[in-house]
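Heads up: the structure comes next, in structure tokens.
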Amino acid sequence: MGFETKHRKRDFEIPKHRQILLNEIEQDLLSDENVLAVFYGGSLGNQNTDLYSDIDLRVVVKDEVFEEYRLNKKQRAKNWGKVLFFEDFPWTTYSIAHYDTFIKVDTFYYKMKDIQSSVWLQNIKIVHDTNGLVHDILKKSMSLSYMPNVQDVEIWRTKFFAYVHEAYRRTMRKEIYYALHCIDNLRFSMTTAWYMEAGKQPNTFGDWAKLEGERSKLQDWQLSLLAEWHSSREPDEILKVIKSIVPEFIKIHKSLCKKLEIEENPEWVDEILDMVV
């Protein structure tokens, strides 16, 4: 990894403990007559786990017990191992449990009607499916492909414009952390555009998972640009980074407009960006 920490020995043990957790989860859930299906998403679904991979658990339960299971989500997670803390909210349908083995389990509970075919469900690992629902959804999902639409591009570009303007305002106000947050969102906006152009489903906005590192789907030159778009707290450097992102934005904006037959309107784009850069 290029550096050492005092936890390396612990870290090498994570895969073993993750398998123990998986065994406990499945032993608990698969014997529950109210559980209709159990499957994994994320790295387990993609079969590309590493030392630090979470367990993304999806549980489909009978409609009549859904609320009971949602309310009991934290207690259920305690059945599988020693939980150090939770980070979720009481009113959500998911539970995020952090265990003493440094493993995180994200558990989402669903009713049958909540499971719909989606490109997000193309890479899942099914371990329990009493009525064939999830296998059917997986089959339908595999026939889908992602293609951005006009609304996707419109939302993307206007948010980019907004973050450019906001980064400037916050820099001038000396609200530097806010400005750097905007810079981070500009970088993320570019990954979204690269994914859209390549016909890949972008991450949920702000989710940097698998955008860097060995599992990244970005090209080397794109990763290099992301690394170059780094800023210190110096106002001049923040504005310099914004300016350095703009050429790639203009290039990818033109490409997406052409692909979706959207009016590019470069004069309008320049008018917006020239207010900052």
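The values are calculated or read from the model by the stated rules, or taken from the named source; none is laboratory data. Please read these numbers as outputs of a predicted model, since none were measured by experiment. Note that each Cβ is placed from the backbone with ideal geometry, even for glycine, and that neighbours are counted across all protein chains shown. Surface areas here come from the heavy atoms of the whole protein model, side chains and all, with no ligands, DNA or RNA. Shrake-Rupley method; radii C 1.70, N 1.55, O 1.52, S 1.80 Å.
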Backbone HN-Hα couplings from phi across region 65-79 [Karplus 6.51/-1.76/1.60, Hz, Gly and Pro as x]: 10, 4, 5, 4, 6, 5, 5, 9, 4, 6, 4, 5, 5, 6, 5
Karplus 3J(HN,Hα) series, Hz, for region 47-53 with 6.51 cos²θ - 1.76 cosθ + 1.60 (x for Gly, Pro): 6, 9, 5, 10, 3, 9, 5
Heavy-atom accessible surface of the chain: percent carbon and sulfur, 1.4 Å: 51 percent
Gyration tensor verdict on region 200-277 (Cα atoms; rounded if a/c is under 1.5, prolate if a/b is larger than b/c, oblate otherwise): oblate
Rounded accessible area per residue of region 128-277, 1.4 Å, Å²: 58 Å²
Dimensionless Rg/Rh of region 52-140 - Kirkwood Rh, Rg from C-alpha atoms: 0.98
Scaled radius of gyration (Cα, divided by 2.2 N^0.38 Å) that region 1-69 gives: 1.43
Karplus 3J(HN,Hα) series, Hz, for region 31-40 with 6.51 cos²θ - 1.76 cosθ + 1.60 (x for Gly, Pro): 9, 8, 5, 7, 8, 8, 7, 9, 8, 10
Normalised convex hull volume, region 117-167, alpha-carbon set, Å³ per residue: 112 Å³
Charge dipole (the chain, unit charges on Cβ, about Cα centre) - positive-most of S31, Q222, L144: S31
Cβ-based charge dipole, the chain, positive-most Cα from V164, S118, G132: G132
Prolate/oblate/rounded label for region 81-215 (Cα gyration tensor, a/c 1.5): oblate
Expected 222 nm ellipticity per residue - DSSP helices of 4 or more, -39500 (n - 2.57), all of the chain, to 500: -15500 deg cm²/dmol
Tail beyond 31 Å, pair distance distribution of the chain (Cα, percent): 42 percent
